[in-house]
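See below for the structure under consideration.
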Amino acid sequence: MNGGADLGGMMGFGPVVQEEDEPLFHAPGRPARLVSWWRLGPVGSGISMLRDPRARICIRAIIPARPITRSG
Amino acid sequence: MTSHGHDHDSDHSHLTETEARVRALESLLSAKGYIDSAAVDRIIQTYETKIGPRNGAHVVAKSWVEPEFEAWLRRDSAAAIHSLGYHSRQGEHIEAVFNSDEVHHLVVCTLCSCYPWSVLGLPPTWYKSPPFRSRAVIDPRGVLAEFGVTLDPATRVEVHDSTAEIRYLVIPQRPAGTEGYSMEQLADLVTRNAMIGTGLARAPQVAS
């Protein structure tokens with residue numbers, strides 16, 4: 001699968017880079033992002049039910065692609 | 001010129017596109033009453049202090065010393081893990097996969113960053129990065145080499161692609177020379193990477 005979100009099979013990104021003593025949160029916005037994802041779990045589940053059941057769905061791959069801010 | 005190839009003459013924001021999106025999303029969720037600051041603080045604190053790779057190390061060490069628990073973990077991973085109090089927030093299934101001399105398991109999420117949060121905490125940045133996600137399936141031995149792991153050529157590598165519905169916990173092989181170790185001592189040998197498959201359990205002489 002070489003879709004826009006699925007990177008399986010795509011090449012050319014270089015070696016895997018590990019961080020020494022990686023912080024739990026890299027930026028002040030990260031905790032908010034975590035919580036947003038956490039609370040939106042049921043929304044994501046609803047989205048996945050609408051998709052082809054054979055498709056592999058990853059909630060966080062969907063949310064950024066469909067900004068929820070536009071619906072409010 | 002921006003990183004995505006065109007000028008933003010009137011854009012003086014110091015926020016990146018992602019940061020701006022996060023703020024907009026958080027503002028909207030707050031305005032609609034879906035999140036409150038106290039709940040946010042509690043969840044962040046939980047991930048800072050309670051949920052992390054120690055949970056997974058507990059599962060692994062228990063499976064090493066208690067054959068009945070290991071059998072349960074093989075038979076019904078989710079129930080065995082839940083019995084220790086490690087519950088997923090979204091209700092996704094979790095499956096333990098056991099390394100052996102014959103097979104080594106490696107976990108990835110080629111779509112984004114699906115990860116067994118309840119037992120490993122938050123995923124490391126490299127787990128979410130395109131280099132790992134793109135090559136874990138097509139070149140697992142090459143990826144493992146970048147983590148300093150070289151397997152016996154006879155050992156088969158199985159790569160598990162996580163989804164929103166199913167997550168994986170790798171049960172590494174118990175290191176030699178750990179007979180008589182307590183569960184706590186064994187858990188100290190179990191690294192986060194060993195439970196993703198990009199590492200092995202530490203040898204006892206280098207345990208801290």
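Could you list all residues from segment B:113-155 that are modelled with pLDDT of 95 or more, of a type in the set (A, V, I, L, M) and farther than 15 Å from residue B:193 by Cβ?
Correct list: B:154 only.
Does residue B:194 meet the test of being in a loop (DSSP other than H, G, I, E, B) and modelled with pLDDT of 95 or more? Quick ask: steps written out before the conclusion?
Details: in a loop (DSSP other than H, G, I, E, B): no; modelled with pLDDT of 95 or more: yes.
No: the conditions fail for residue B:194.
Taking strands (runs of 3 or more DSSP E) that do not extend beyond segment B:68-167, which have at least 2 residues that are charged (D, E, K, R)?
Details: elements: B:93-98, B:103-108, B:156-161.
By residue number, B:156-161.
When residue B:206 is evaluated against the numbered criteria (1) at pLDDT 90 or above; (2) surrounded by fewer than 20 Cβ atoms within 10 Å (Cβ to Cβ), which criterion, by number, is the only one it fails?
(1)
Against the definition (modelled with pLDDT under 95, among the charged types (D, E, K, R) and touching an Asp or Glu at 6+ places or on another chain (Cβ under 7 Å)), how does residue B:167 come out, yes or no?
On the way: modelled with pLDDT under 95: yes; among the charged types (D, E, K, R): yes; touching an Asp or Glu at 6+ places or on another chain (Cβ under 7 Å): yes.
Spelling it out, residue B:167 is indeed modelled with pLDDT under 95, among the charged types (D, E, K, R) and touching an Asp or Glu at 6+ places or on another chain (Cβ under 7 Å).
Suppose the filter is more than 12 Å from chain A (Cβ to nearest Cβ) and either modelled with pLDDT under 95 or farther than 12 Å from residue B:198 by Cβ (or both); does residue B:92 pass it? It would help to see each step written out before you state the result.
Working: more than 12 Å from chain A (Cβ to nearest Cβ): no; either modelled with pLDDT under 95 or farther than 12 Å from residue B:198 by Cβ (or both): yes.
Against the criterion (more than 12 Å from chain A (Cβ to nearest Cβ) and either modelled with pLDDT under 95 or farther than 12 Å from residue B:198 by Cβ (or both)), residue B:92 does not qualify.
I'm told residue B:87 meets every condition in (1) under 26 Å from residue B:184 (Cα atoms); (2) in contact (Cβ under 8 Å) with a residue 60 or more places away in the chain except one. Can you identify the failing condition by its number?
(2)
Residues are listed down the side, and each one gets a yes or a no for (1) within 30 Å of residue B:176 (Cα to Cα); (2) more than 10 Å from chain A (Cβ to nearest Cβ); (3) touching a Gly at 6+ places or on another chain (Cβ under 7 Å):
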site	(1), (2), (3)
B:28	no, no, yes
B:31	no, no, no
B:34	no, no, no
B:41	no, no, no
B:47	no, no, yes
B:51	yes, yes, yes
B:57	yes, yes, no
B:61	yes, yes, no
B:65	yes, yes, no
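So, residue B:174, is that one surrounded by 15 or more Cβ atoms within 10 Å (Cβ to Cβ), outside any strand (DSSP E or B) and touching a residue at least 60 places away in the same chain (Cβ under 8 Å) or not? So that I can check it myself, show each step before the final result.
Details: surrounded by 15 or more Cβ atoms within 10 Å (Cβ to Cβ): yes; outside any strand (DSSP E or B): yes; touching a residue at least 60 places away in the same chain (Cβ under 8 Å): yes.
For residue B:174, the condition - surrounded by 15 or more Cβ atoms within 10 Å (Cβ to Cβ), outside any strand (DSSP E or B) and touching a residue at least 60 places away in the same chain (Cβ under 8 Å) - is met.
In segment B:111-158, how many residues are more than 8 Å from chain A (Cβ to nearest Cβ), open to solvent by 50 Å² or more (accessible area, probe 1.4 Å) and more than 16 Å from the chain's Cα centre (by Cα)?
Result for segment B:111-158: 10.
Looking at segment B:44-79, which of the residues that are within 18 Å of the chain's Cα centre (by Cα) and of a type in the set (A, V, I, L, M) is modelled with the lowest pLDDT?
B:44
Which of (1) open to solvent by less than 10 Å² (accessible area, probe 1.4 Å); (2) part of a helix (DSSP H, G or I); (3) among the hydrophobic types (A, V, I, L, M, F, W, C); (4) touching a residue at least 24 places away in the same chain (Cβ under 8 Å) does residue B:64 not meet, given it meets every other one?
Result: residue B:64 passes all but (1).
Which of the residues belonging to segment B:177-199 are within 14 Å of chain A (Cβ to nearest Cβ) and open to solvent by 30 Å² or more (accessible area, probe 1.4 Å)?
Within segment B:177-199, B:191, B:192 qualify.
The values are calculated or read from the model by the stated rules, or taken from the named source; none is laboratory data. Treat the numbers as computed from the prediction; the structure is a model and nothing was measured. Positions of Cβ are backbone-derived with ideal geometry, glycine not excepted, and every protein chain shown enters the neighbour counts. Heads up: the accessible areas ignore ligands, DNA and RNA and are worked out on the full protein's heavy atoms, side chains in. Shrake-Rupley method; radii C 1.70, N 1.55, O 1.52, S 1.80 Å.
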